[in-house]
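A.B. asks: Handing you a structure now.
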Amino acid sequence: MAYDTNYTGQKFKVVGTRPLRPDGVDKVTGRARYGADAFAPGQLVGRVLRSPHAHAKIVKIDTSKAERLAGVKAVITSADLPDLTNGDQAMYDMLVNCMAREKALYDGHAVAAVAAIDAATAKKALKLINVEYKVLPHVTDVDEAMKPSAPVLHANMFTEGVEPKPAKASNIAKRTEFGHGDVEAGFKEADVIVERSFRTEQTHQGYIEPHACLANVGPDGQGEMWVCTQGHFVYRNHCAQLLGMDAAKLRVTASEIGGGFGGKTHIWAEPLALALSRKANRPVKLVMTRDEVFKASGPTSSTSIDVKIGATKDGRITAATATLRYQGGPFLGIWAELGAMTSYACYDLKNVKTVGYEVVVNRPKVAAYRAPSAPMAAFAVESVVDEVAAKIGMDAVEFRIKNAAKEGTKSSYGPTYGPIGIGPTLEAAQNHPHMRAPLGKNQGRGMACGFWFNFGGQTCTSLNVNPDGSVTVAVGTIDVGGSRASMALIAAEELGVAYENVRCVVADTSSLGHNDMSDGSRVTFSSGMNTVIAARNAKKVLCQRAAKMWKIPEDAVTWEDGHAKPAGANAGDFPPLSLKEIAAAAANTGGPIAGHNEFVADGAGVSFATHICDVELDPETGATRVIRYTVIQDAGKAIHPSYVEGQYQGGAAQGIGWALNEEYVYGKDGRLQNAGFLDYRIPVCSDLPMIDTVILEIPNPNHPYGVRGVGETSIVPPLAAIANAVSNAAGVRMTHIPMSPPRILKALDDKKARKAAKAKAA
Amino acid sequence: MDDNRLFAKGLAFPPFEKSKREPHASNPGGSRFMRYEAPSSTKAAVTLLMKEKGKSAILAGGTDLLVRMKGGFIEPDLIVDIKRIPAMREIKKTASGFQVGAAVSGNELGRSVVKKAWPGVVEAANLIGSKQVQGRCTMVGNMCNASPAADSVPALVAAGAQAVIVGPKKKRTIPVEKVSTAPGRTSLAKGEIVESLLLPKRPPRSGDAYLRFIPRSEMDIAVVSAGVNVVLDAKGVIKEARVALGAVAPTVLLVAPAAKAIIGTKLDDEALDKLAAACSAACSPIDDKRGTIEFRTKVAGVLAKRAAKIAYQRAGGK
Amino acid sequence: MSGVHVSTTINGDPIDFVCDPDEPLLDVLRNRLGLTGAKEGCGTGDCGACSITLDGELVCSCLVLGAEAEGRKIETIEGMADGDKLHPLQRAFISNAALQCGICTPGFLIAAKALLKKNKNPTEEEIRFGLAGNLCRCTGYDKIVRAVQEAAKEMRGA
């Protein structure tokens, strides 16, 4: 059916209000069921044996003793997961990551798994598996891994994207380049040039719910899986392919999800649970422990980034470059590429060039983490932008406004922008009272901008009008932060019914066509747009039914305020029919009433944010506290403003943790030293202030309501904003994230020493 | 199973990570006859411990023990829960001070009379873990974990607290600083249990304080810490002092030169600087995931100064 | 291992169970009694998602042995509402959008209830430190703190 996805500028009745979320009661009473909360008859407990070495050849695995232990029902190794990937390197990497084959590539890499009658037996069985390793030299640091002398992870890895193709294998998996203009010429025009190198350490998404699934594969080759995931269709497709099953035969039901932030867009132990279940012929529940989550699932890259920006005295950036090195764990990723694309997306630049290097190291496979790769690039770029502004004596916000991208700007990564929000967020920041609030002793203020692409993707939605006039919306996109409420609001808006009469559910993989994951800030945009279209399709059916009831032509009926009405005086004089009345008569007018749609949602609107942050330093200990924080972001249109604010605040909080304290600490032995919430320090309640939010609404022309994604952009500016604030408070530029107390104290001491040396020399 | 759990909750000190346990050590089947016992008297507890041929573990708050068990660092054959022994649950005011039972939780201690006399000790104990952990954790457990980063220990050492140890032989009393001999090791013999801690009676014009450095505002292990206890004369001059440092050496340190630096002073800036210098000089930490040598050494002095000021003020000094 | 027989009271109901001597109470609640409202986020007392009260004291059920529950009184999230009447904290969490994914919510509610029992009118700082043992990764805590403030106000009858 034809539909219009363009922005209509309509006035809303319920969209933009703040009703109670439909899953609220279940979640406050403990009834909501997450990944580990499901049980199946006869279920076994699955556990995974993991490599204690950063890099080792697996010489031999002897599982015979474990198999003989009473209560053990299945033991698997990579031999139970034959390579069915047919030359698809990305799928093969996934398979290797789920279960090591020839080599263990990082501390925590799975090497075997067991299914037993209970956790204690499974734990014992793991101890009875004898793995003979030949330990190999390892490398965990991104810069070290790029050196010619570094131990090479893959003998068949030759850097892609360079001509000629290198003859020697290395850990540099790929080079990418973006930009336009002539940067050399641009730097010649500059009055001021600032060049600096930055480092960021590896962080984890830190979802509170560990990965968990309940897998059940029968001897007839049919299977079911209950799993916490951001994309059950993608999990289904990948697991089915790795296990040699038809996608139709593996029905995946998504549990409530206890946080993902990108970490649950990749399969980890799910294929192992399915393989164990298949071998044991019993359901297998597999729940990762917290240290397994840290060691073997989803961190983001650690990075090393060089930035150079030149500007004229009157505040125009003449040229900008960045070289970005991101490690992706042991496999080729897209992480440096995303960093290179996003680095300068906020600015309107004549001459810009960014180069990204994907690097492999002996650390866990990197997964997406909320606007993956953008926060690190923004940290480096926005730090230098601040420094350039200071050097030419211009206010940091003013300097950014002068150089901000706008409608018609050719972005540094290629496309030309439509209407965008970077300018408005900067102007809102400039006018925000936070910017003018006085600062106390040892306090500093910083601000920074951030960008994220946002995504649309494949979406399939069904909307059913029930005989009693209530409405069910079945979506295939996981609800990570309240999207069922948003979908219900959208359906209510379109159909003209009350929000309370609509229930949105996340359907399983057998009930809808493929849906991409809940990633790329795409759910409210794409599933929301699909709900609009499905509802409009349902309205057409409702009008047809009314026409039938009135015995007039279909095109003589229109839909208004939740009612079918005759289109005009010529159509006849009938009192409006409510959705409820039409639904009640459906059995006699053609049967069930529904609206469907499936499409690729194009036109996700890019999103920008500006953050302002105040910090207070303890100059004697290097301790930092964020004392005030403001997020200003363009939402396009906020469907449920409370959950938009929640995304802004949550992203900011994750960014604050990343900026100040979170980091993976590896020992010389290549093993992760802080695989737990005690020493991997995510912010606690007493670490943070209230986080103020300003929602701007610059409509996305490609969405009927103007919606842009909101989930990810909020984590992009914090590293930079806090680094600018700390640098301003400390009087010294901070170039290494996290800015942990030892790093800040050292920077302060070094500054003092430099000052003293200078005084002495004078 | 290998992970960092041994160091969780201040159990041990990473610089001395000597626990290179085989990652998949052979202990097929683990302990098949593990028992849980909750005796109602100290004597019964000692008997259980003496009779046990395998490994035994004492369960007080359990906030360290269960973490160690979960990580596979300890697989006891016998768990002796001491929380049902009435004597271990009591806080007594005695002629010579206070007696705090081994199973007294952080919350119970926080609500008790001890807080007024020894605010530094109680604050230190109440810094361990979260509010949830405070409902369970005990000072004696904290001490017997023998972590140099244990929060309550520097405060106890500064306070001159004694541990009352019962066992198959005679009851004995030793200074708290003699309990831990190395990270994760204590001087207790088989069958011995710390029954209680003794805190001395407070003379007039006395005060104590404990401060630790953690990167977050809560939920962390001390990167470095300092406990200070002072007694003033009528003129406000410090006549007695004890200074203890945590997380800067294999065990909590009692730093005599640091005490000496402030005795005879009114805690003027010069005395404070000397105190800080003495503390920094006493440190022998190493770099680890929680902090650097440089950081610990420097901040030990900073914290000692700050704690001394609080203790001095609490003692009535101006 | 020989099982330990335990008689206890959970949310006012008499409950008997048999558990392993080294089995955490959290595992007993979740796997033996079907009370999955308490969540395991870490299993080491660092996240608070498994918070319950034991004889009125707020504890992490992952750091309590099932065997210790003998004769004790346990309260879990499943017992927080009074029939179909939600506790003011539960209502305030929903109306303030104080949860996104919701995995930490049961632990926060139990901890917040324990906090308000001790302190009927906590300051923002007291709420923040009172809830520091509960990790939330979605909300940045802002709306959680506001929900607790609102519920506290309602409970004081203010």
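The values are calculated or read from the model by the stated rules, or taken from the named source; none is laboratory data. Small disclaimer: the values here were computed from a predicted structure and weren't measured. Virtual Cβ from ideal backbone geometry, glycine too; neighbours counted across all protein chains shown. Heads up: the accessible areas ignore ligands, DNA and RNA and are worked out on the full protein's heavy atoms, side chains in. Shrake-Rupley method; radii C 1.70, N 1.55, O 1.52, S 1.80 Å.
A.B. asks: Keeping to the stretch B:260-312, report how many residues are of a type in the set (A, V, I, L, M) and open to solvent by 40 Å² or more (accessible area, probe 1.4 Å). Don't jump to the end; show me each part of the working.
C.D. replies: Of all residues in the stretch B:260-312, those of a type in the set (A, V, I, L, M) come to B:261-263, B:267, B:271-272, B:275-278, B:281-282, B:286, B:293, B:299-300, B:302-304, B:307-308, B:310-311.
Filter again for open to solvent by 40 Å² or more (accessible area, probe 1.4 Å), leaving B:263, B:277, B:281, B:286, B:293, B:310.
Residues that pass the stated criteria total 6.
A.B. asks: Tell me the residue from A:Lys746, A:Lys752 that is part of a helix (DSSP H, G or I), on the phi < 0 side of the Ramachandran plot, free of Cβ contacts under 8 Å to residues at least 12 places away in the same chain and out of contact with any Phe, Trp or Tyr (no Cβ under 6 Å at 6 or more places or on another chain), please.
C.D. replies: None of the other options fit; the residue is A:Lys752.
A.B. asks: Could you list, in sequence order, the residues of the stretch A:623-655 that are farther than 29 Å from A:Phe12 by Cα and either more than 8 Å from chain C (Cβ to nearest Cβ) or basic (Lys, Arg) (or both)?
C.D. replies: A:Ala623, A:Thr624, A:Arg625, A:Val626, A:Ile627, A:Arg628, A:Tyr629, A:Gly655 - these are the residues of the stretch A:623-655 that are farther than 29 Å from A:Phe12 by Cα and either more than 8 Å from chain C (Cβ to nearest Cβ) or basic (Lys, Arg) (or both).
A.B. asks: Confirm whether B:Ala315 is crowded, with 18+ Cβ neighbours inside 10 Å, away from chain A (no Cβ under 14 Å) and closer than 30 Å to A:Lys668 by Cβ.
C.D. replies: It is false that B:Ala315 is crowded, with 18+ Cβ neighbours inside 10 Å, away from chain A (no Cβ under 14 Å) and closer than 30 Å to A:Lys668 by Cβ.
A.B. asks: When C:Ala97 is evaluated against the numbered criteria (1) away from chain A (no Cβ under 11 Å); (2) at positive phi; (3) touching a Gly at 6+ places or on another chain (Cβ under 9 Å), which criterion, by number, is the only one it fails?
C.D. replies: The number of the failed condition is (1).
A.B. asks: Continuing with the same structure: Taking the residues in the stretch A:29-38 that are part of a loop (DSSP other than H, G, I, E, B) and facing chain C (nearest Cβ under 8 Å) as candidates, determine which candidate is farthest from A:Gly223 (Cα to Cα).
C.D. replies: Applying the filter and picking the extreme gives A:Gly30.
A.B. asks: Of the residues A:Met529, A:Met517, A:Met487, which single one is under 23 Å from A:Ala248 (Cα atoms) and either hydrophobic (A, V, I, L, M, F, W, C) or surrounded by 24 or more Cβ atoms within 10 Å (Cβ to Cβ) (or both)?
C.D. replies: Unique residue meeting the criteria: A:Met517.
Conditions (1) within 14 Å of chain C (Cβ to nearest Cβ); (2) in a strand (DSSP E or B); (3) in contact with a helix residue (DSSP H, G or I) (Cβ under 9 Å, 6 or more places away or on another chain), marked per residue:
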site	(1), (2), (3)
A:Lys27	yes, no, yes
A:Val48	no, yes, yes
A:Ala54	no, no, no
A:Ile58	no, yes, yes
A:Ala66	no, no, yes
A:Gly87	no, no, no
A:Ala90	no, no, no
A:Asp107	no, no, yes
A:Val114	no, yes, yes
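A.B. asks: Check A:Asn702 against each of (1) more than 12 Å from chain C (Cβ to nearest Cβ); (2) in contact with a Gly (Cβ under 8 Å, 6 or more places away or on another chain); (3) open to solvent by less than 10 Å² (accessible area, probe 1.4 Å) and name the one condition it does not meet.
C.D. replies: Condition not satisfied by A:Asn702: (3).
A.B. asks: Still on this model: Restricting to the stretch C:96-138, count the residues that are open to solvent by 20 Å² or more (accessible area, probe 1.4 Å) and not in a helix (DSSP H, G or I).
C.D. replies: Result for the stretch C:96-138: 5.
A.B. asks: Only one of these is touching a strand residue (DSSP E or B) at 6+ places or on another chain (Cβ under 6 Å) and of a type in the set (S, T, N, Q): A:Thr265, A:Thr253, A:Thr203. Name it.
C.D. replies: Going through A:Thr265, A:Thr253, A:Thr203 in turn, the sole match is A:Thr253.
A.B. asks: Taking the stretch C:139-154 as the search range and keeping residues that are open to solvent by 10 Å² or more (accessible area, probe 1.4 Å) and touching a residue at least 24 places away in the same chain (Cβ under 8 Å), which one is nearest to the other protein chains (Cβ to nearest Cβ)?
C.D. replies: For the stretch C:139-154, the residue satisfying everything is C:Lys143.
A.B. asks: Let me ask something else. Is there any pair with a first residue in the stretch A:558-573 that is at positive phi and a second that is assigned to a strand (DSSP E or B) whose Cβ atoms are under 6 Å apart and which are 6 or more apart or on different chains, and what are they?
C.D. replies: What qualifies is A:Gly572/A:Pro566.
A.B. asks: Take the stretch B:288-307 and flag every residue that is among the acidic types (Asp, Glu) and in a strand (DSSP E or B).
C.D. replies: Filtering the stretch B:288-307 for residues among the acidic types (Asp, Glu) gives B:288, B:294.
Correct list: B:Asp288 only.
A.B. asks: Just to be sure I understand, how many residues within the stretch A:658-680 are closer than 21 Å to A:Pro741 by Cβ, among the small types (Gly, Ala, Ser) and within 9 Å of another protein chain (Cβ to nearest Cβ)?
C.D. replies: 2
A.B. asks: Additional query: Could you list all residues from the stretch A:379-410 that are open to solvent by 10 Å² or more (accessible area, probe 1.4 Å), in a helix (DSSP H, G or I) and small (Gly, Ala, Ser)?
C.D. replies: Those that are open to solvent by 10 Å² or more (accessible area, probe 1.4 Å), in a helix (DSSP H, G or I) and small (Gly, Ala, Ser): A:Ala390, A:Ala396.
A.B. asks: If you don't mind, there's one more thing I want to ask. Only strands (runs of 3 or more DSSP E) wholly contained in the stretch B:47-155 count here; list those with 1 or more residues that are open to solvent by 10 Å² or more (accessible area, probe 1.4 Å) and in contact with a Pro (Cβ under 7 Å, 6 or more places away or on another chain).
C.D. replies: Of the strands (runs of 3 or more DSSP E) lying wholly inside the stretch B:47-155, those with at least 1 residues that are open to solvent by 10 Å² or more (accessible area, probe 1.4 Å) and in contact with a Pro (Cβ under 7 Å, 6 or more places away or on another chain) span B:56-59.
A.B. asks: Find all pairs meeting these conditions: Cβ atoms under 7 angstrom apart; at least six residues apart or on different chains; first residue within the stretch A:253-280 and on the phi < 0 side of the Ramachandran plot; second residue modelled with pLDDT under 95 and of a type in the set (Gly, Ala, Ser).
C.D. replies: Partner pairs satisfying both residue conditions: A:Gly263/A:Gly298; A:His266/A:Gly298.
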